[in-house]
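Please treat every number below as a calculation from the coordinates, not as lab data. Please read these numbers as outputs of a predicted model, since none were measured by experiment. Don't worry about glycine lacking a Cβ; one is built from the backbone with ideal geometry, like all the others, and counts go over all protein chains shown.
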């Protein structure tokens with residue numbers, strides 16, 4: 001929601017920015033006409049110049065106020081200054097009501113179209129958010145139902161079949177544990193989403209040494225996937241990055257797990273690099289890469305879980321990666337994925353500089 | 001026969017309490033359980049346990065209140081258990097005297113490591129056997145010499161500044177335990193050091209560059225994201 005001052009109606013909002021735009025464009029129009037007038041070839045050209053001015057003002061300002069003002073001023077300028085008799089009003093010509101009417105209509109229609117376009121953009125953004133939520137729910141229900149079925153099934157099998165061999169029992173229990181761990185990760189991603197809230201402003205960013213978050217994420221990952229090797233490299237100079245470290249740790253956990261489970265990587269490199277205004281964090285693996293159609297929908301939560309012959313269909317990576325994207329975007333950063341000759345590379349950038357608006361107090 | 005350490009588990013979820021008890025029993029600890037905060041407090045005074053595992057989300061009382069009451073008369077080691085989404089609670093609990101924390105969901109290895117460390121630290125006044133006896137703390141190839149005020153890594157003397165040494169020394173005294181950023185800052189720079197922890201974070205980055213082979217993959221000085229630092233503990 002945009003904040004509105006109580007005395008400004010939505011149809012005729014008052015703002016300093018719009019006032020400046022109106023003043024500048026009108027001055028330009030007057031200046032141009034004045035030059036033409038000095039050159040002695042003003043007749044017939046003043047009106048189109050002001051039509052353009054009114055059009056621009058109506059397009060660039062909010063509401064109908066500034067467009068209407070520019071119509072009135074435009075008619076006065078055209079009539080009073082730039083049409084014979086110069087420096088005098090002349091309302092005898094039947095064309096003038098028409099000029100006024102034309103300008104007014106242009107202004108009103110343009111303002112209306114502008115407002116409509118803005119509303120449409122807003123609706124589109126809301127739609128997008130709604131879609132993301134729906135995708136998320138769908139993805140989550142799937143991510144939860146499958147492992148739950150497996151856990152209930154495995155434990156019931158152990159409890160209800162006393163005749164099972166110790167090895168069979170163990171396998172079933174291990175299966176249940178693995179599924180439960182998967183569920184934990186799903187829930188952690190959901191927690192990250194609630195932690196972010198809806199608005200970007202709610203993220204509590206503090207400058208954190210980025211290398212510490214990378215190191216901790218790698219350490220936790222090793223505990224869970226001891227068979228996968230991870231190396232971390234960070235620049236010699238300490239890089240402090242404003243972030244919510246818990247959320248960024250979640251992003252790293254998701255990307256690392258994705259490389260191990262989906263990419264089937266044996267080696268993962270976690271890199272931290274300093275760019276001009278960004279910190280770039282890259283997760284590079286030597287796994288089997290990302291397929292063409294996955295690459296297109298990697299971060300939008302629309303990724304269908306795959307049920308191919310290799311049988312790891314339940315490992316839906318859609319949720320984890322769309323959470324990554326949401327977290328990175330909420331930090332004002334960007335995320336991207338690409339295939340390498342061997343394996344895949346997912347990287348995200350986080351802004352390192354404090355936004356200029358916050359630094360310069362006005 | 002050894003005297004078994006007695007551990008009180010204050011946890012309202014039966015499933016979790018039973019699992020914790022089963023793991024600890026399996027390792028030779030004696031466990032008793034309380035389902036509410038009130039019951040927990042009364043069992044602490046009647047059973048005199050060696051360690052308390054305290055869930056912060058109890059139905060009848062705030063876990064932090066229990067901790068506060070307990071700390072008014074006892075220095076009994078307490079390991080708090082909290083959900084991941086409550087980072088603040090964790091830090092508050094540590095700053096109010098909890099010895100360590102476990103985040104739900106936790107595994108058995110983590111549980112046992114925290115319990116072992118917390119119990120070990122109560123045995124000697126200085127917090128560490130080795131420091132009390134020899135004036136050094138060593139883990140892996142790292143040696144902190146408290147008498148000579150120096151730190152050796154892989155046999156070489158590391159040139160630390162005074163602040164850097166004091167940070168390492170403090171973590172060494174509490175090796176294995178997490179110390180919050182605030183706790184370290186208060187201990188080293190006094191209670192009026194201000195609220196920012198940037199100096200500490202930068203100091204730690206410098207220490208890691210001097211001690212660790214790869215500062216981004218520490219072997220000794222670990223970060224608990226959002227909470228504080230922990231020095232590795234030898235087994």
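Taking label positions 7 Å along the Cα-Cβ direction at both residue B:170 and residue A:264, the computed distance is 5.0 nm, reported to one decimal.
Sorted ascending by nearby beta carbons within 10 Å, beginning with the fewest, A:142, B:47, A:92 become A:92, B:47, A:142. Against the longest principal axis of chain B, how steep is helix B:108-123, in degrees 0 to 90 to the nearest 10, with axes from Cα atoms? With both axes taken from Cα atoms, the answer is about 80 degrees.
Prolate is the label for chain A, because the ratio a/c of its alpha-carbon gyration tensor axes (a ≥ b ≥ c) is 1.5 or higher and a/b is greater than b/c.
Using the Cβ-Cβ distance between residue A:166 and residue A:116 with R0 = 45 Å, the FRET efficiency computed as 1/(1 + (r/R0)^6) comes to roughly 0.05.
Take the Cβ-Cβ distance between residue A:87 and residue A:336 as r, set R0 to 60 Å, and report the resulting FRET efficiency rounded to the nearest 0.05.
Numbers: r = 62 Å, r/R0 = 1.04.
It comes to 0.45.
The distance separating the Cα centre of the stretch A:140-199 from that of the stretch A:231-298 comes to 26 Å. Would chain B count as rounded, prolate or oblate if I go by the C-alpha gyration tensor, calling it rounded below 1.5 in a/c and otherwise prolate when a/b exceeds b/c, oblate otherwise? Judged from the Cα gyration tensor, chain B comes out prolate (a/c at least 1.5, a/b above b/c).
Rank the residues A:16, A:59 as a footprinting-exposure proxy: fewest other Cβ atoms within 10 Å of their Cβ go first. Walk me through the numbers on the way to the answer.
Details: A:16 7, A:59 15.
Starting with the residue having the fewest Cβ neighbours, the order is A:16, A:59.
Helix A:46-60 and the longest principal axis of the C-alpha atoms of chain A enclose an angle of approximately 30°. Extending 7 Å from Cα along the Cβ direction at residue A:20 and again at residue A:105 yields two label points whose distance is 3.5 nm.
List A:154, B:138 from most exposed to least, where exposure is judged by having the fewest other Cβ atoms within 10 Å. The partial results should precede the final answer.
On the way: A:154 21, B:138 16.
With the fewest neighbours first, A:154, B:138 line up as B:138, A:154.
Relative to the longest principal axis of the Cα atoms of chain B, the long axis of helix B:198-211 makes an angle of roughly 70 degrees. By DSSP, the beta bridges lying fully in the protein assembly as shown are antiparallel in about 65 percent of cases. Answer rounded, prolate or oblate for the stretch A:73-166, using the Cα gyration tensor with square roots of eigenvalues a ≥ b ≥ c: rounded when a/c is under 1.5, else prolate when a/b is larger than b/c, else oblate. Since a/c reaches 1.5 and a/b is larger than b/c, the shape of the stretch A:73-166 is classed as prolate.
Applying 1/(1 + (r/R0)^6) with r as the Cβ-Cβ distance of residue A:28 and residue A:233 and R0 = 45 angstrom yields a FRET efficiency of 0.25.
Take each of the peptides B:206-216, A:222-232, average the number of other beta-carbon atoms within 10 Å over its residues, and list them starting from the highest. Mind showing how you got there, number by number?
On the way: B:206-216: 18.7, A:222-232: 14.6.
Per-residue mean Cβ counts within 10 Å order the peptides as B:206-216, A:222-232.
Its DSSP H runs of at least 4 residues, each contributing -39,500 (n - 2.57), put the calculated 222 nm mean residue ellipticity of chain A at -19000 deg cm²/dmol, to the nearest 500.
How well do other chains shield peptide A:223-234, expressed as the mean number of their Cβ atoms within 10 Å of each residue Cβ?
On the way: counts 3, 1, 0, 0, 0, 0, 0, 1, 3, 5, 4, 5.
Mean inter-chain Cβ contacts per residue within 10 Å come to 2.
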